[in-house]
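The values are calculated or read from the model by the stated rules, or taken from the named source; none is laboratory data. From a predicted model like this one, the values you see are computed outputs, not experimental measurements. Here Cβ is always computed from backbone atoms with ideal geometry, including for glycine, and neighbour counts include all displayed protein chains.
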Amino acid sequence: MYKSFDALRKSLGQLKVDNAILDGELVCLDSHGHSQFYELLYRRAQHIFYAFDLIWLNGKDLRQLPLMERKKYLRQLVQKNRRPDLIYAEFVEESGTVLYREICDRDLEGIVCKRKGSVYSKNQHDWLKVKNRDYTQAKDRQELFNPSGKRSARAAREK
């Protein structure tokens with residue numbers, strides 16, 4: 001984990017496991033539980049690790065287990081450790097359209113769809129990311145850094 005997230009790295013290093021590899025996303029949440037991209041980008045708020053999947057646990061490679069079994073182990077790991085900066089990503093079965101509408105209504109980024117029995121794979125054909133086209137925090141992200149590596153005027157103002 002990046003050195004700039006030192007407090008989170010140390011906290012997750014205290015998990016009651018011999019070793020583990022978690023798949024997830026770093027986020028900063030507002031008071032409503034919504035991810036705040038610029039707070040994360042500029043390190044202005046507490047960082048949370050949102051755990052989606054468990055790839056390795058205590059010397060055992062879990063990638064060939066079905067998703068739902070890996071999520072069961074992940075849920076147990078998160079509940080057992082009770083770290084305030086580690087959140088288990090819940091799942092929703094069969095109501096993806098309803099969930100997507102709710103995500104859009106709440107101005108969230110989107111959802112990831114995976115098959116319950118799928119093994120862990122980096123192959124993006126095994127899962128689908130459905131983005132909210134109207135997600136307000138996605139606007140103007142391209143101008144944060146231009147190809148020359150210089151920050152845009154907007155990025156400088158945001159900092």
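Entry remark, the range 64-76: residues being surrounded by 15 or more Cβ atoms within 10 Å (Cβ to Cβ), touching a residue at least 24 places away in the same chain (Cβ under 8 Å) and over 16 Å from GLU93 (Cβ atoms) number 2 in total.
Looking only at the range 18-37, decide whether some residue is in a helix (DSSP H, G or I), within 14 Å of the chain's Cα centre (by Cα) and not β-branched (Val, Ile, Thr). Don't jump to the end; show me each part of the working.
Within the range 18-37, the first condition is being in a helix (DSSP H, G or I), and the residues that meet it are 37.
When the remaining residues are screened for being within 14 Å of the chain's Cα centre (by Cα), the result is 37.
Restricting the remaining residues to those that are not β-branched (Val, Ile, Thr) gives 37.
Scanning the range 18-37, I find at least one residue that is in a helix (DSSP H, G or I), within 14 Å of the chain's Cα centre (by Cα) and not β-branched (Val, Ile, Thr), so the answer is yes.
Within the range 77-117, the set of residues being over 20 Å from LEU128 (Cα atoms), in contact (Cβ under 8 Å) with a residue 40 or more places away in the chain and of a type in the set (D, E, K, R) comprises LYS80, ARG83, ASP85, ARG106.
Scan the range 1-17 for residues that are charged (D, E, K, R) and part of a loop (DSSP other than H, G, I, E, B) and jot them down. Listed by number, the list holds a single entry, LYS16.
Being surrounded by fewer than 12 Cβ atoms within 10 Å (Cβ to Cβ), acidic (Asp, Glu), farther than 18 Å from TYR88 by Cα and at pLDDT 90 or above: is that true of ASP18 here?
Details: surrounded by fewer than 12 Cβ atoms within 10 Å (Cβ to Cβ): yes; acidic (Asp, Glu): yes; farther than 18 Å from TYR88 by Cα: yes; at pLDDT 90 or above: yes.
When the stated conditions are applied, ASP18 passes them.
Do the conditions hold for SER35, that is, is it modelled with pLDDT of 90 or more and either closer than 25 Å to PHE5 by Cα or surrounded by 14 or more Cβ atoms within 10 Å (Cβ to Cβ) (or both)? Lay out the reasoning, then the answer.
On the way: modelled with pLDDT of 90 or more: no; either closer than 25 Å to PHE5 by Cα or surrounded by 14 or more Cβ atoms within 10 Å (Cβ to Cβ) (or both): yes.
Criteria not met by SER35.
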